[in-house]
Amino acid sequence: MSFEANIADVFETIAARVPEREAIITPERRLTFAEISDRSNRLANYLIERGIRCHTERDQLEPWESGQDHVALYLVNGSEYMEGMLAAWKARGVSLNVNYRYIAEELTSLLTDASAKAIIYHARFAPVIAEIRAELPLLNSLIQVADDSDEALLDGAVDYETALAAAAPTLPDLERSPDDLYMVYTGGTTGLPKGVLWRQADIWVGAMGGADPRNGAEYDSYEAVATAATEERIYPYMIAAPLMHGGGQWLAWLAWVGGDPVVFGEVVDRLDPADLLRTVEREQCSFMIVIGNAFGRPILDELNRGIDAGEPYDFSSMRVLSTGAAAMTTGVKEEFLQHNPKLRVIDSVGASESGTQGRNVSTDGAEVEASIFAPGPGSGIVSEDLTGPAAPSAGATGWLSRTGRIPLGYLGDADKTARTFPTIAGIRYSIPGDRAEWLADGRLKLLGRDSVCINTGGEKVFVEEVEAVLHAHPAVRDAVVVGRPNERWGNEVCAVISTSAAVTTEELIDHCDGQLARYKLPRTVIAVPEVVRGPNGKADYRWAAQVAVEQQENET
């Protein structure tokens, strides 16, 4: 770890080297690196005027503590999101992501947990903020971004563009540190959201472009980063995933570290496959991030619809389709490769608590696999009893882990920090909760998250394995698997599915039989109009469990 970077300083280095290159492309505006630098400088100076600062240096804090003021980003995708992250860091504050689907109670809980001092929000969310602001005494700065909602400016708030226009354009004269924080809140799909605290130097290498993509070696200077960004090729990155999810942020920063533009479509608050594909075609995007089948299947449906209608989309510019956070099955990967044989489908495994831990690359003509990954730097398996690493021998199982560039901890939670980031035999690990198995060739097979594992009759069923088999049935559009009470077995496997064609429960169970051990077979299949997922594409297991239990109660 010879070179330790601050991400705001990384950006300024790149902006100085390629100032006239486009950094943000939307249907309404095109902003260069120099313009983003100017706008984020102005916003940073406004935040400093409002008291945002670093008040305690890292060496005086526990791993679960923050010494910086927190700026909440309650925004849909757009330039303001990236500017907000940059500006907070330039002021030596720290930004945090807000799920824009939260209701008032959830938003209050998140902003209270984060001790947010400022919030940057799209006008469409003003009514929710108005409802809860009295419950948030620490929140003293409201910065409202105009949109097409026609919501009036809240009392005491400042218009975003007005704030920028009145602020100084110079980079704040502060000594930023590699120890300055990056914070990302977990999705809360299986529990309450928690703020994961990273040193910027660590998350930059762990997930945001701090390693040379050609050889995996960490950059050793700001100059080396700038040199890489000046290569005479431009690869526009289409950000389909929401920036309020870590994966979306990480790919956007990968684009910027390479001196490439970040592209947003017209529809930015949800997945709109037609708008996405029109944008890819118009901007000749080379990279795109999606979230498993939840995004992949609708995009493929729209590609196929265009062909059937005699109006095919031009998908030929795409070189890399990056997927993570939720499973993408082999059938979906193969169909993307059929549409564009030059495509590389890169399936990544990782978490807010670990960064990127491994990846699988699928190409045309090669075997396509799912849930199998080549481990990245520091990635491996810790034994189930947490006594040490599981030797990389075929069949060895345990907890998927990472060492080296890992987070500090969870904001305000010493106990959970100790559990997720334990020190074992003098080595500090990140163990977010996924189970994995070593394969004979040195790769890792992801088994699933322990928090949604089903214990049925003493046997463990990892739901992702059952979901993958169900997704392979041609009539299944989406599937989530949960456990529900069973008098004999303790819990039984229950599948909640949406379909594209008529299919019976017996047909689906027969489809699974032979591909799964019998104790893993769904005992019940519940059809719903649509499987509920978060805007980050992750399955809502609490919702699915409620559906399963309610159906069971209705049967008795």
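The values are calculated or read from the model by the stated rules, or taken from the named source; none is laboratory data. Predicted model only: the values in this text are computed from it and were never measured. Positions of Cβ are backbone-derived with ideal geometry, glycine not excepted, and every protein chain shown enters the neighbour counts.
Under 16 Å from Ala326 (Cα atoms) and out of contact with any helix residue (DSSP H, G or I) (no Cβ under 7 Å at 6 or more places or on another chain), is that true of Phe421? Break it down into steps so the answer makes sense when it comes.
Numbers: under 16 Å from Ala326 (Cα atoms): no; out of contact with any helix residue (DSSP H, G or I) (no Cβ under 7 Å at 6 or more places or on another chain): yes.
Against the criterion (under 16 Å from Ala326 (Cα atoms) and out of contact with any helix residue (DSSP H, G or I) (no Cβ under 7 Å at 6 or more places or on another chain)), Phe421 does not qualify.
Step by step: first the residues of the stretch 222-250, then only those that are modelled with pLDDT under 90 and more than 26 Å from the chain's Cα centre (by Cα), then the one that is surrounded by the fewest Cβ atoms within 10 Å (Cβ to Cβ). Which residue is that?
The qualifying residue surrounded by the fewest Cβ atoms within 10 Å (Cβ to Cβ) is Glu232.
Among the residues of the stretch 166-201, write down those that are more than 21 Å from His55 (Cα to Cα), outside any loop (DSSP other than H, G, I, E, B) and touching a Gly at 6+ places or on another chain (Cβ under 9 Å). Write out each step before concluding.
First, pick out the residues of the stretch 166-201 that are more than 21 Å from His55 (Cα to Cα): 166-170, 185-194.
Imposing the further condition that a residue be outside any loop (DSSP other than H, G, I, E, B) reduces the set to 166, 185.
Listed by number, the list holds a single entry, Tyr185.
Limited to the stretch 380-405, what total is found for residues that are among the polar types (S, T, N, Q), at pLDDT below 95 and within 14 Å of Ile427 (Cβ to Cβ)? Steps first, answer last, please.
Quick first cut of the stretch 380-405, residues among the polar types (S, T, N, Q) only: 383, 387, 393, 397, 401, 403.
With at pLDDT below 95 added as a condition, the list becomes 383, 387, 393, 397.
Imposing the further condition that a residue be within 14 Å of Ile427 (Cβ to Cβ) reduces the set to 383, 387.
So the answer is 2.
Return the total of residues in the stretch 258-304 being part of a helix (DSSP H, G or I), under 18 Å from the mean Cα position of the chain (by Cα) and surrounded by fewer than 22 Cβ atoms within 10 Å (Cβ to Cβ).
0
Can you tell me which residue within the stretch 1-38, out of those that are of a type in the set (Lys, Arg) and buried (at least 17 other Cβ atoms within 10 Å of the Cβ), is nearest to the chain's Cα centre (by Cα)? Show your work before the answer.
Our first condition is that a residue be of a type in the set (Lys, Arg); within the stretch 1-38, this holds for 17, 21, 29-30.
Pick out the ones that are also buried (at least 17 other Cβ atoms within 10 Å of the Cβ) and you get 17, 21.
Values: Arg17: 29, Arg21: 26 Å.
The extreme case among them is Arg21.
Tally the residues that are of a type in the set (D, E, K, R), out of contact with any strand residue (DSSP E or B) (no Cβ under 6 Å at 6 or more places or on another chain) and closer than 25 Å to Asn215 by Cβ, restricting the search to the stretch 370-414.
Matching residues across the stretch 370-414 total 1.
Any residue in the stretch 411-431 that is buried (at least 16 other Cβ atoms within 10 Å of the Cβ), closer than 27 Å to Cys512 by Cβ and under 22 Å from the mean Cα position of the chain (by Cα)?
no
I need a count of the residues in the stretch 1-26 that are of a type in the set (S, T, N, Q) and in contact with a Pro (Cβ under 8 Å, 6 or more places away or on another chain). Before you say what the answer is, go through the steps one by one.
From the stretch 1-26, those of a type in the set (S, T, N, Q) are 2, 6, 13, 26; that's our starting set.
Checking the rest, the ones that are also in contact with a Pro (Cβ under 8 Å, 6 or more places away or on another chain) come to 6.
Number satisfying all stated conditions: 1.
Tell me, which residue of the stretch 39-59 that is more than 27 Å from the chain's Cα centre (by Cα) and surrounded by 15 or more Cβ atoms within 10 Å (Cβ to Cβ) is nearest to Ala252 (Cα to Cα)? Please lay out each step first, then the result.
First, the residues of the stretch 39-59 that are more than 27 Å from the chain's Cα centre (by Cα): 42, 45-46, 48-51, 55-57, 59.
Within this subset, residues satisfying the condition of being surrounded by 15 or more Cβ atoms within 10 Å (Cβ to Cβ) are 42, 45-46, 48, 50.
Numbers: Arg42: 21, Asn45: 24, Tyr46: 24, Ile48: 25, Arg50: 28 Å.
Among those that are more than 27 Å from the chain's Cα centre (by Cα) and surrounded by 15 or more Cβ atoms within 10 Å (Cβ to Cβ), it is Arg42.
Can you tell me which residue within the stretch 483-511, out of those that are of a type outside the set (A, V, I, L, M) and under 30 Å from the mean Cα position of the chain (by Cα), is surrounded by the fewest Cβ atoms within 10 Å (Cβ to Cβ)?
Quick first cut of the stretch 483-511, residues of a type outside the set (A, V, I, L, M) only: 483-492, 494, 498-500, 504-507, 510-511.
When the remaining residues are screened for being under 30 Å from the mean Cα position of the chain (by Cα), the result is 483-484, 494, 498-500.
Numbers: Gly483: 21, Arg484: 21, Cys494: 26, Ser498: 15, Thr499: 18, Ser500: 12.
So, considering only residues that are of a type outside the set (A, V, I, L, M) and under 30 Å from the mean Cα position of the chain (by Cα), the one surrounded by the fewest Cβ atoms within 10 Å (Cβ to Cβ) is Ser500.
So if I check each of Ser149, Ser141, which one is of a type in the set (S, T, N, Q), in contact with a Lys or Arg (Cβ under 8 Å, 6 or more places away or on another chain), over 21 Å from Gln249 (Cβ atoms) and free of Cβ contacts under 8 Å to residues at least 60 places away in the same chain?
Values: Ser141 fails: free of Cβ contacts under 8 Å to residues at least 60 places away in the same chain.
Only one candidate qualifies: Ser149.
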